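Take a look at the structure below.
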Amino acid sequence: MRTVRSLARDLAPVSAGSIVAAVALESDVPAPHGSELVSKAVALLAGALGPEVRAGRSPATLDTARADAASASSFVLLKVQIAHGEIRLSADAYPVVHNVWDRARNPSPGPIAHGYASARIDAEIRSFLDPIPLVATETLRVPLPEPEVLALLCDDIDDDGALEVVAASRRNVLVGRFRNQRFDTLRKASWDSYASIAPVPWRQPLMSIASPEPGSIDLGSTDRARAVRIDAALVARADLAGFPVPLPSGSACVRVDAGTLHNRFSPCTSDAQVPPWAEAPFTFDASAATSLVRRDGRLDGVMGVRRVADATVVLRDTQGRTANVSNVGAQIALADLDLDGDPELLASRNVLNAAQDAVVVRTWSQQGVQERWSKPVPQGVSAVTACPPEGGGMRAIIVASSTELWLIR
């Protein structure tokens, strides 16, 4: 767990011969293997603190940990919490008093170092908890904040601990949240403040939102002469060298051709890099990407691009696996919705009549691509995205139709 390494930096230096113990897991979701999760966190923290730091008995209390560490130089007491879709680790390092006079003066000295780290739950952590059913139990439908929303992003873009929705329409870019059964717009900026109208706009406009790094958003529209990078306050920071498309980590830029996007990926800014494998096998009109953690803790990236000629989405991951999904609509997103380590492809249907449209969820596993469920969207799907984990259920899906925003969870 990468979170443990961050925690260890807060506690360093811990003297050789120290012991790490942990209190019992606190979790707001059922955790049938919670004791194993705590034991793994203890072992990883001990290893991160140094080769001569060892794992002690867990679960423990402060008193039992102090007693077990009587012959050690110091001890660390770890607390593991699962809450609101996050794993939270906090730890305190305590000295062990050996001198009889010091022990008489203060037999239970307070901590000498404290550390805290948190991260959203991924598939590795989820394997210790009850599995998440890949089902939608609730749908909130609210009026569009403004007409023709064509791209969506859901993330904590300003790093305040709460998720925001970025919605790009043909005229404006908005940031807001679902509150009290409605969409509450927090910030709004006009496309005219970013770029002029394109010399030759597409008949059916295409928009893209990508997040190259926390606090930054890349925006592209075939309605506009150039793409831009903005910050969480919707202030333009840089022009981009092409139309932005998401990567599993970051973004890349492509050239806009007549009705399609070129398959050669390049850096969006002079200081950026594009991984060698990030290249589409053909020109395309829709793309999606996600970074996920497999159940064994391995970090993986997945990309999908849609071929215009036959509406086929080609999926591939950083391990070289590929899969073809035929007859897919032009609105796609990728996310591990149930945190089982396998990505889901979210896509509209390839239909001409909006009344027949739907969001279709498919899982790409070792057994291939399997359709799991679909939800009709009779106003037509104009954009789709998934939110980061939040709580103990399936990750939320956000859909824009011609008249409404849907929050599916």
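FYI, it's all coordinate maths here, none of it is from the lab. Quantities reported herein were computed from a predicted structural model and do not represent experimental measurements. FYI the Cβ positions are ideal-geometry reconstructions off the backbone, even for glycines, and counts take in every protein chain you see.
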### Selected residue (only one of A16, A46 is within 32 Å of the chain's Cα centre (by Cα) and not basic (K, R))
A46
#### Entry: Number of positions in the range 3-37 that are out of contact with any Gly (no Cβ under 9 Å at 6 or more places or on another chain) and either closer than 16 Å to G297 by Cβ or assigned to a loop (DSSP other than H, G, I, E, B) (or both)
9
### Query
Somewhere in the range 389-396, is a residue acidic (D, E), touching a Ser or Thr at 6+ places or on another chain (Cβ under 9 Å), more than 21 Å from T260 (Cα to Cα) and in contact (Cβ under 8 Å) with a residue 60 or more places away in the chain?
no
### Task
Could you please find all residues in the range 271-302 being over 20 Å from the mean Cα position of the chain (by Cα) and acidic (D, E)?
D271, E279, D285
### Task
Would you be able to tell me the number of residues in the range 152-166 that are free of Cβ contacts under 8 Å to residues at least 24 places away in the same chain and among the hydrophobic types (A, V, I, L, M, F, W, C)?
1
### Message
Given the criterion hydrophobic (A, V, I, L, M, F, W, C) and under 16 Å from A400 (Cα atoms), identify the matching residue among F183, F243.
### Response
F183
## Note on the structure
Subset of the range 337-381, residues more than 20 Å from M303 (Cα to Cα) and of a type in the set (S, T, N, Q), comes to N353, Q356, S374, Q379
### Message
Against the conditions (1) surrounded by fewer than 21 Cβ atoms within 10 Å (Cβ to Cβ); (2) of a type in the set (V, I, T); (3) assigned to a strand (DSSP E or B), where does I217 fall short? Just the number, please.
### Response
(1)
